[in-house]
Every structure is written in C-alpha cells, then in structure tokens.
Amino acid sequence: MLPEALDGDETVVFTAAAASVQVQVEPVGRWFEAYIKRRNRNVSASFQELEEEEESSEESEDEEFQLQECSMLRTLDPKDWKNQDHYAVLGLPHMRYKATQKQIKTAHKAIVLKHHPDKRKAAGEQIIEGDNDYFTCITKAIEILSDPVKRRAFDSVDPTFDNAVPSKSEGKENFIEVFAPVFERNARWSSKKHVPKLGTMESSFEEVDNFYSFWYNFDSWREFSYLDEEEKEKAECRDERRWIEKQNRASRAQRKKEEMNRIRTLVDTAYSCDPRIKKFKEEEKARKESEKKAKAEAKKREQEEKERARQAELEAARLAKEKEEEEAKQAAQQAKKEKEIQKKAIKKERQKLRTTCKNWNYFADNEADCVKMMEEVEKLCDRLELTSLQCLNEVLASGSKEDCKAAVETQVQEVNAQLQREREAEVQARQAARSAEQACGGGGAGGKGWNEEDLQLLIKAVNLFPAGTNARWEVIANYMNLHSTSGMKRTAKDVINKAKNLQRLDPLQKDEINKKAFEKFKKEHSSVPPTIDNAVPSERFDASGSDGNAAPWTTEEQKLLEQALKTYPVSTPERWEKIAAAVPGRSKKDCMKRYKELVEMVKAKKAAQEQVAAKSKK
C-alpha cells in the first residue's frame, strides 16, 4: 500500500508499477512462536510487541509480588529441616507451587539480606556457629525449591494440601458445590494438561462421560521420595545403599498405591452421587425400553405379516387342492362314464356274439360239438377286448356260415395259444422260484447237510456271540464244529451265507424252525430213563421240584437268576432254596439246571474263542 499524502499534497505516479504478487511465507523460529500467539489471541501484532507485552506482564507480577515473612523462622530447628514448610521459610506461603523460579530467587535474596549471619552479627546479634543457626533452614529451603526435581518431590507431599474425600452423604445434597473444588484441587497432580472440569447440572452426556473417563484413567505425577526415611548418601557401603534403595522403593510404591486408591475412591464416590449420571441412566433406560418396545412392535408386525402371508398361502393351496380334487373328481367321473360305456359296449358285443353263434347253432352238427363250441365262445367273450369283439361281430354279420365258423375258429385258436403261453410262463416262473429256494437252502459245499439240529445250533451260536465279538464268524463256525453231531466241518464263509439265508426266510419259516427247536428241547428235558422211575430223589433236589418247569427261560427270569446268584454266594447256607425263592415260577431243580447250562455255555464260548485266537497267532 502507498503512504497517504499529507494535507495539501497529492500522490503522483511517474511510472507504471508492476503487478502485485502474493507470496506464501512460512514463519520459523521465534517468528513462528509469535505467529501462533497472534493466532491464538486473534490479534495482529509483531513479535517484538508480544515480547514487550510478556516483559511488562512479568514486571507487573513482580510489582504485585509481596513477601509474607514467617514469624516462626527464628525458632526453627536446623536439624529438623525436612519437616519445615520451605515456602513459608522463604515468605511464599500464599503462592506455594504457583511461584516462579524468579519469584523464589527474589524472595530468597530478600530473606538472605535480612537474616544473613553477617548482617545480624554486624547488628550486634549473637550468632550460633556451624549449622545450628536457623539460617541453615533458609539454605535448605532454596536448595529444595531451586531444584525442579527436589521441588516436585516436596510439592507431592505439600503439608497444606487437603487429601480428604467427601462422603456420599455430603455429595448428595450439593453435588457440584462439594465435589468441584475437590477435583480442581486434585487436578494439580495430573500429568496431562487441560484437565476437564466437573461441569454443571446442564452438562451434556459427552462432557460428563469425558470427565469420568479422564479421572478413571488418571495419570498422576505425584511421587513420595521426599518421605524416604533413609538417605542412601549416609550408607557406609554398597550393600547398605542397595538395602536403603530397596526399602525406599517399597515405601514409595505403597504410598503411590494408597494415593491411586484415594483418587479412585474420590471418582467412585462422585460417580455414585452424580445426579447427572442417574438422569443419563434413566434416559438410557427409557431409550432402551422404547427401542425394545419398537422392536417388539416391529417383530409383532412382521409376525402378523408372515401369518397373513401364510394364511394366504394356505388359502391358495386349499383352493388349488380343491380345484385339483374337483378336476380329479370330474376326470374320475368321466373315466367311470367311459368305463360304463365301454362295459356296456363290451356286454352288447358279447351278447351279440352269443346271439349270432346261437343262431348258427354254434356251427355244430351234434350236441357235443355244440357244447364245446359254446365253451369256446364264452372263452372268447372273456378274453377278447372291445375292438376284437367288434371286428369279429362285423365278420359274423356279413359273412356266410362257413366264413363265420372259420373266423370264430381262428379267434379261438389265437386265444388258446395265448393261454398256453401264459401257462408256460407261469410254470417257468415257479421252477425258477423253486431253484432259487434250493440255492438259498445251501450255498456250495458249505450248504450241504444243514439239518434242523445244525440250524438250531447256528441260531443259538449267533445269539451267544453277538455283534462286536472279536472274529465273530470264525468263533461261531468253531463252536458249531465242536457241538454239531452231523460231523460236517463249517467255515466262517459257510456260516455267514447260511445266516444271511435265514434272515431272508419268511417269518412263518422262522417260527417253524423255532417251534421245532422248542419241541426238541422239551422232549430232551422231559424224557426220563426207565431205570430211575422208582429211584429215591437226590439230596440236591427236593420233592416239590422233581416235576420241574419245562418252559423256556424268559429274559426277566434270566435277570432274576443272575441277580440271585450274585446276592447269595457259594458260602450261603441253603443257597439254592433262596435262589429259587427269588425267581418266581421256578423250582430249585430248574435253577440248578439253568445254572449248569449257563456254565457249559460259557465254557464252550471261551473254548471257541481260545481256539480261534490260537489259530490267528499261528
């Protein structure tokens, strides 16, 4: 921009000026700092102006700065310097951690000028020699507060700081008034700047949530090295110094833990008493209830829509089914009508054929031929279809007697030939079925010699060695070879084929085999040798059990017998009487016989399995 002309002068351009060009300039160094400050303050000022403003503000602070000399300074014990208030010693009790280093140095200078031993000695005051003078307290105070690390350690245990946490009863009345000062007081320990405020009752959910998130993750710089009971510099050796360091670390960690528990208790108490949290929870609960209600209504509407769609589909299916049934009914009626028509037509043609043949006296000269031809005509009526009957009746209606006779005889021959083919096919089918049955009765060499005893033995072995038995079919074959009286040696393959054939048998045939097996069992167990008809019963059998129950043992009776054998061991007196009493319907003799059969069966089973196992080892 050109400077404005003075009063009475005018601006004159002698030559054409070049076009202005905008250049992007990036500030660096102290000019960048000035740019940031100008931008933050929304002012346009130079760096020099900002520096002058900063210097003027510091000067104003120094002008406002006033010392408050400690009244107890002269009475302080130099040996107890660690328990003194260093800020009060330097005359800064009102500023404390907010005091700058410049203010601390200024206060120290003023205190030294007044309380230096040389000054006091010149004024005629009695001075204590060595470190026993109270001026040592001033020296320790400036030593602590001028070192940032030591000052931070002292600030962490500031004796004027209030560590109290309000109770729930105090916070429920005036929450903001009670807890806001407490959080502002404890915010000085935060490692992060810009600590969020507690806010007001009108604060939004985001502000409240941000506040509690910050304090629940609070990072405190407060440390307690100032309270160390032992000083490692006083240690006489390295081991003692290490021990002192270990003790100090443990005590610092314990105090740090207590401090974090105090902060956590403060935040928990405030959170539980905060009426805004209760309001937000109620709003959230109401919102969830409304969402739940809306969701339930939407689900209900969806279910209603689905139910309506399902009802519509059912109605459509019902209508389609009714239509289909109606069409099927009409088709059936139509087919029935056609069948009735065809039946009437066939009946008419048959009657016509019979009448025509009767008029021609069945093309016979004697009674025997007439009867034979009558049978053949009835056969034609039964076997011929409608078209064949119509064609035959047309020939009979238009031809002579000889032509009619020839046509009838030709048709009779065709029908007889067809009947003969059907009979031959039926005979062949029967022969094939019989051959198949014979093949099922014995497969190869293993199928020969399967009598009723072997079949019964096979059924018994299959039940004795159920599925899951190791080398089951080899064991069954070995069991049959040991107990069969036919002398035939069976292999596992023969046994498998016969078992499959028995599975394919008709249930009646299976019942017949089982019936024969029971009859044989009954016959064997009921027959008594004639030599012992008048013998005296043995001591092992009583008179009441001499007749015995020849009926086969049921599954329930078998379970009762096994349980009784376990209940009454061999050493039990009158064992078999008690066992018989435990199995209803069975006598002592029946129980003993069944036990003997079971023992033999188990022995045979073990023998068969051991023999198969021995073969497999070889």
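The values are calculated or read from the model by the stated rules, or taken from the named source; none is laboratory data. Predicted, not measured: the structure shown is a model, and the values here were computed from it. Using ideal geometry, Cβ is built from the backbone for each residue, glycine included, and neighbour counts are taken over all protein chains shown. In case anyone asks, the SASA skips ligands and DNA or RNA and just uses the protein heavy atoms, side chains included. Shrake-Rupley method; radii C 1.70, N 1.55, O 1.52, S 1.80 Å.
Under the combined filter of DSSP loop state and at most 12 neighbouring Cβ atoms within 10 Å, the stretch 362-409 retains these GluC sites (Glu not before Pro): Glu385.
Stretch Glu574-Asn132 to full length: gain in nm at 0.36 nm per residue minus the Cα-Cα span? Provide the component values of the computation, followed by the final result.
Values: separation 442, 0.36 × 442 = 159.12 nm, distance 11.21 nm.
Result for the pair: 147.9 nm of gain on full extension.
For the residue pairs Lys193/Lys288; Lys197/Lys278; Lys98/Lys279; Lys82/Lys109; Lys193/Lys257, the alpha carbons lie more than 30 Å apart in Lys193/Lys288; Lys98/Lys279.
Its residue count N fixes a reference of 2.2 N^0.38 Å for the stretch 83-141, and the Cα radius of gyration divided by that reference is 1.20. Modelled spin-label separation between Arg252 and Asn40, with each label point placed 7 Å from Cα along the Cα-to-Cβ direction: 3.2 nm. Carbon-plus-sulfur accessible fraction, the stretch 575-618 (probe radius 1.4 Å, protein heavy atoms only): 56%. Across the accessible surface of the stretch 298-421, with the other protein chains kept in place and a 1.4 Å probe, carbon and sulfur atoms take up 50 percent. For the stretch 216-308, the fraction of C-alpha pairs more than 19 angstrom apart is 68%. The mean of 1/r over all pairs of different alpha-carbon atoms in the stretch 267-371, once inverted, gives a Kirkwood hydrodynamic radius of 22.8 Å. Our analysis of the stretch 61-117 gives Rg over Rh at 0.96, with the two radii drawn from alpha carbon positions and Rh computed by the Kirkwood formula.
Treating cross-link reach as a plain straight distance, find the lysines whose alpha-carbon is under 30 Å from the alpha-carbon of Lys343, omitting any fewer than eight places away in the same chain. Leaving aside lysines fewer than 8 places away in the same chain, those within reach of Lys343 are Lys323, Lys329, Lys352, Lys358, Lys372, Lys379, Lys401, Lys405. Label sites at Arg430 and Glu206, each approximated as a point 7 angstrom past Cα along Cα to Cβ, lie 10.1 nm apart.
Would you please give the FRET efficiency between Lys337 and Asn359, computed as 1/(1 + (r/R0)^6) with r the Cβ-Cβ distance and R0 = 45 Å, to the nearest 0.05?
The pair Lys337/Asn359 has a calculated efficiency of 0.90.
Take the Cα pairs of the stretch 348-428, get the Kirkwood Rh, then feed it into Stokes-Einstein at 20 °C and 1.002 mPa s and tell me D in µm²/s.
This corresponds to a translational diffusion coefficient of 164 µm²/s.
The gain in end-to-end length when the Ile346 to Ala286 segment is fully stretched comes to 13.0 nm, 0.36 nm per residue minus the alpha carbon separation. Counting every Cα pair in the stretch 136-282, what percent are over 27 Å apart? When every Cα pair of the stretch 136-282 is considered, 37 percent fall beyond 27 Å. Sparse packing (at most 16 other Cβ atoms within 10 Å of the Cβ) combined with a DSSP loop state is found for the following chymotrypsin sites (Phe, Trp or Tyr not before Pro) in the stretch 63-118: Phe65.
Taking 0.36 nm per residue of separation and subtracting the current Cα-Cα distance, fully stretching the chain between Arg264 and Ala298 would add 7.9 nm. Within the same chain, lysines fewer than 8 places from Lys295 are excluded, and of the rest, those with a Cα less than 23 Å from its Cα are Lys281, Lys285, Lys306.
In the context of the full set of protein chains, residues of the stretch 208-322 present 74 Å² of accessible surface per residue (probe radius 1.4 Å, heavy atoms only).
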